[in-house]
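**Q** This is the structure I want to talk about, given as structure tokens.
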Amino acid sequence: MDFFRDLLALLVLIIFTLGGQDGGLLLVQGLGCNWGTRATHPLPPDIVVKLMKDNGFDKVKLFEPEPWVMKALGNSGIQVMVGIPNDFLAPLASGVRMAEDWVSQNVSSYISKMGVDIRSVAVGNEPFLKSYKDAYLRTTLPALQNIQAALIKAGLGRQVKVTVPLNADVYRSESGLPSAGNFRPDIHNLMISIIKFLSDNGAPLTINIYPFLSLYADPHFPVDYAFFSGNSSPIVDGPISYTNVLDANFDTLISALEKNGFPSLPVIIGEVGWPSDGDANANMEYARRFNQGLLDRIIRGQGSPKRKTPPDIYLFGLIDEDAKSTLPGNFERHWGVFYYDGTVKYPLVRGANNRTLVPAKGVRYLARQWCIMAPEASLSDPNLPDSINYACTYADCTSLGYGSSCGGLDVRSNASYAFNMYYQTMNQQKGSCDQFHNLSVITATEPSAGSSCRFEIMMDVGRHGKTANASTPSYGRQNQSSTIAVAIFLLLLIIMNGDL
């Protein structure tokens, strides 16, 4: 009997040791992320793929099928949702032939030639936002139908599902209670047509939910209701009490589906997260609090009151994007759980043994030097305002905004931050620190700007040469999986024989 006990202990050790490697059993399972590439200095894709695998992300949502990204995902073991930008909806809606060409180039070829595990195609991105002024109302459904037809023709109808990522503004509740949820009157019939098509084809609906935006839009919004602590005064809806806005928002959608005859339609949360900078409520503390609460729910397998099983969730986002539009707000460039270079912003416990996020490996940087306002330069120089404006026109200065991480700098430090961001964005090129009317100088001394304000050193994109694919060779994954399977089989034999 001692032999069997020792063997059991060994088998358990093997299972959890191997399972914990490369994003396995010790990590959050079924966790996806959004990988955006709107950056002046994108992190090399092979490094990003390794970053995702090291941190247990086994699904990724892309906004378009960029070749350099798709190639890196080949044979990685990461499941891919590939997006179609809204500008492509009209051509794809015009005929099946266009959709067939798109599927051939952006789905079939990557699956067959590069081993990319494409599981779904996201047709459009929040096409019914009111700010688009109905631009995509007539093209979204036809494009969706044509892409589905093209997937079927390519023999991928079962393997690859279509979906439409929608903003949560496509549904509402007149009473404010989730049980009164229904689709927006102006698009109600269109939504039902899309949902019926998805249902008929065994495909999910994808919805993007942003509790941060509730807080951003309404200064009187109860802060605790945006998080998962349960400290907020609940919203009582019949027998259900809602203590966070994510559950309430999600169940408003579920109620809308139930009202319209689709109670079991699969739903994916395509985007959810919290920015870390660019607004008073976009800060490290709130971002960590929200994303840790979200991860804890996923680890526990916790769904919403109306749907107990959690949906697939794609965290928004993986990495900061310093070239994104700031039209919605300065926070748009700071959604990542990692900085632009893959360094960790804040600790997130991601599974058993309190394992936290790990940074990207193999990142190379420019020289450790900064462009700052010259010590002898006068704050009253009439060229100073225009110089700061020039720098921030061509570089990301969103951290300087009110309530942001660098918003409390004095005038000299403010100018130094702007000059340095321009200098780094221009790859420290010769003369790039001389654009500011003799107000700037290069220094090898790191500027002291307080613990919350980072004076960046940009990545050296020219030094990131070709590297091996980040994925584990297939035979390595198969051998590891086989070892785990054998260990589990032996463990079951021991239990069945009752020798313990």
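The values are calculated or read from the model by the stated rules, or taken from the named source; none is laboratory data. The model shown is predicted, which means the values in this text are computed figures rather than measured ones. Cβ: placed from backbone, ideal geometry, glycine included. Neighbour counts: every protein chain shown. The protein model used for the area step is the full one, side chains on, heavy atoms only, and it has no ligands, DNA or RNA in it. Shrake-Rupley method; radii C 1.70, N 1.55, O 1.52, S 1.80 Å.
**Q** Placing +1 at every Lys and Arg Cβ and -1 at every Asp and Glu Cβ, with all other atoms neutral, what dipole size does the range 296-383 have around its Cα centre, in debye to the nearest 20?
**A** Details: 13 positive and 9 negative charges, 176 e Å.
Magnitude of the dipole: close to 840 debye.
**Q** Follow-up question, since we're still on this one. For the range 92-217, what ratio Rg/Rh do Cα atoms give with a Kirkwood hydrodynamic radius?
**A** Values: Rg = 16.2 Å, Rh = 15.8 Å.
That ratio equals 1.02.
**Q** Okay, next question. Could you give the radius of gyration (one decimal) and Dmax (whole number) of the Cα atoms in the range 217-271, in Å?
**A** 13.0, 36
**Q** Rounded to the nearest 10 degrees, what's the angle between the helix 284-300 long axis and the longest principal axis of the chain, both from Cα atoms, 0 to 90?
**A** 10 degrees
**Q** Compute the FRET efficiency between Lys430 and Asn389 as 1/(1 + (r/R0)^6), taking r as their Cβ-Cβ distance and R0 = 35 Å, and round to the nearest 0.05.
**A** On the way: r = 23 Å, r/R0 = 0.66.
For Lys430 and Asn389, the calculated efficiency is 0.95.
**Q** Quote the accessible area belonging to Met421 in square angstrom, nearest 10, computed with a 1.4 Å probe and with ligands, DNA and RNA left uncounted.
**A** Estimated to the nearest 10 Å², Met421 gives 10 Å².
**Q** If we count every other residue with Cβ under 14 angstrom of Val236's Cβ, Lys/Arg +1 and Asp/Glu -1, where does the sum land?
**A** Numbers: positive: none; negative: Asp237, Asp247, Asp251.
That sum, taken over residues with Cβ under 14 Å, equals -3.
**Q** Ok, one more. Report, for the chain, the % of DSSP beta bridges that are antiparallel, rounded to 5. Provide the component values of the computation, followed by the final result.
**A** On the way: 15 of 45 bridges.
DSSP beta bridges in the chain are roughly 35 percent antiparallel.
**Q** Along the charge dipole of the range 280-368, which of Gly303, Ser325, Gly336 sits closest to the positive end, that is, farthest toward it, with unit charges on the beta carbon of Lys, Arg, Asp and Glu (+1, +1, -1, -1)?
**A** The Cα lying farthest towards the positive end belongs to Gly303.
**Q** If you add up the charges near Asn389, with Lys and Arg at +1 and Asp and Glu at -1, over every other residue whose beta carbon is less than 15 angstrom from its beta carbon, what do you get? Show your work: numbers first, answer last.
**A** Numbers: positive: none; negative: Asp381, Asp386, Asp396.
Around Asn389, the surrounding residues sum to -3.
**Q** So what's the chain giving for Cα Rg divided by 2.2 N^0.38 Å, two decimals? Present the calculation step by step, with values, prior to reporting the outcome.
**A** Details: Rg = 25.0 Å, N = 500, 2.2 N^0.38 = 23.3 Å.
So the chain has a normalised radius of gyration of 1.07.
**Q** May I ask you to give the average projected area over all directions of the convex hull of the Cα atoms of the range 153-201, in nm² rounded to one decimal?
**A** Values: hull surface 18.2 nm².
Result: 4.5 nm².
**Q** While we're looking at this one, here's another question. What Cys residues in the chain are without a partner cysteine, judged by a Cβ distance under 4.7 Å?
**A** Lone cysteines by the Cβ rule: Cys33.
**Q** Given bins 10 angstrom wide, list per bin the percent of all Cα-Cα distances in the range 298-385, short to long.
**A** P(r) for the range 298-385, in whole percents per bin: 12, 24, 29, 21, 7, 6, 1.
**Q** Per 5 Å bin, what percent of the C-alpha pairs of the range 71-116 does each bin hold, from zero upward?
**A** P(r) for the range 71-116, in whole percents per bin: 5, 20, 25, 22, 14, 12, 3.
**Q** Same structure again: For Asp460, Asp101, give me the order by solvent-accessible area with a 1.4 Å probe, most accessible first, ignoring ligands, DNA and RNA.
**A** Numbers: Asp460 35, Asp101 65 Å².
These residues rank, largest area first, as Asp101, Asp460.
**Q** Let me ask something additional. Rounded to whole Å and sorted largest first, what semi-axes of the equivalent ellipsoid does the C-alpha gyration tensor of the range 131-279 yield via the square root of 5 times each eigenvalue?
**A** Those come to 30, 17, 15 Å.
**Q** If DNA, RNA and ligands are ignored and the probe is 1.4 Å, what is the ranking of Tyr417, Tyr216 by accessible area, most exposed first?
**A** Values: Tyr417 10, Tyr216 95 Å².
I get Tyr216, Tyr417, largest accessible area first.
**Q** Sticking with this structure for a sec: If you fit an axis through the alpha-carbon atoms of helix 474-497 and take the longest principal axis of the Cα set of the chain, what angle between them do you get, 0 to 90°, nearest 10?
**A** 40 degrees
**Q** Further question: Using the alpha-carbon centroid of each, what span in Å lies between the range 137-206 and the range 39-113?
**A** Value for the Cα centre distance between the two parts: 21 Å.
**Q** A further question on this structure: How much of Ser399 can a 1.4 Å solvent probe reach, expressed as accessible area in Å² and rounded to 10?
**A** Approximately 10 Å² for this residue.
**Q** Kirkwood hydrodynamic radius of the range 395-455 from all distinct Cα pairs, in Å?
**A** Details: mean 1/r = 0.0833 Å⁻¹.
One over the average 1/r among Cα pairs gives 12.0 Å for the range 395-455.
**Q** Further, regarding this structure: At 1.4 Å probe size, with every protein chain present, just tell me what the per residue accessible area of the range 76-156 comes to in Å².
**A** Values: 3620 Å² over 81 residues.
For the range 76-156, the solvent-accessible area averages 45 Å² per residue.
**Q** Next question. Angle check, please: helix 384-394 long axis (alpha carbons) against the longest principal axis of the chain (alpha carbons), in degrees 0 to 90, nearest 10.
**A** Long axis of 384-394 versus the principal axis of the chain: about 30 degrees.
**Q** Stretch Leu129-Ser112 to full length: gain in nm at 0.36 nm per residue minus the Cα-Cα span?
**A** Result: 2.6 nm gained on full extension.
**Q** So, one more: At 7 Å along the Cα-to-beta-carbon direction for both Lys259 and Gln302, put a label point, then send me their distance in nm to one decimal.
**A** 2.8 nm
**Q** Cut-off 18 Å, label point 7 angstrom out along Cα-to-Cβ of Thr309: give me the residues of the range 140-165 whose amide nitrogen falls inside.
**A** Only 161 fall inside the zone, counting backbone N under 18 Å.
**Q** Can you find, among Asn189, Ala418, Ala72, the residue sitting farthest towards the positive end of the charge dipole of the chain, where Lys and Arg contribute +1 and Asp and Glu -1 at Cβ?
**A** Ala72
**Q** Here is a follow-up. So what's the gap between the Cα centers of the range 393-458 and the range 294-366, to the nearest angstrom?
**A** Answer, in whole Å: 26.
**Q** Going down the list Lys61/Lys324; Lys59/Lys306; Lys53/Lys345, which pairs span over 20 Å between their C-alpha atoms? Could you put the intermediate results ahead of the total?
**A** Details: Lys61/Lys324 17 Å; Lys59/Lys306 25 Å; Lys53/Lys345 18 Å.
Over 20 Å Cα-Cα: Lys59/Lys306.
**Q** Which stretch or stretches of the range 234-265 have amide N atoms under 19 Å from the point lying 7 Å from Glu174's Cα along the Cα→Cβ direction?
**A** Residues passing the 19 Å test: 237-238, 252-261.
**Q** Relative contact order (percent) for the range 317-432, with alpha-carbon contacts under 8 angstrom and 6 or more residues of separation? Can you show the working numbers first?
**A** Numbers: 131 pairs, mean separation 23.8, N = 116.
Computed over the range 317-432, the figure is 20 percent.
**Q** Determine the gain in length on full extension of the stretch Tyr365-Ser452; use 0.36 nm per residue of separation and subtract their C-alpha separation, reporting nm with one decimal.
**A** On the way: separation 87, 0.36 × 87 = 31.32 nm, distance 2.10 nm.
Result: 29.2 nm gained on full extension.
**Q** Summing +1 for each Lys or Arg and -1 for each Asp or Glu, what net charge is found among the other residues whose Cβ lies under 15 Å from the Cβ of Thr252?
**A** Working: positive: Arg172, Arg184, Lys259, Lys306, Arg307; negative: Asp169, Glu174, Asp237, Asp247, Asp251, Glu258.
Neighbour charge sum, excluding Thr252 itself: -1.
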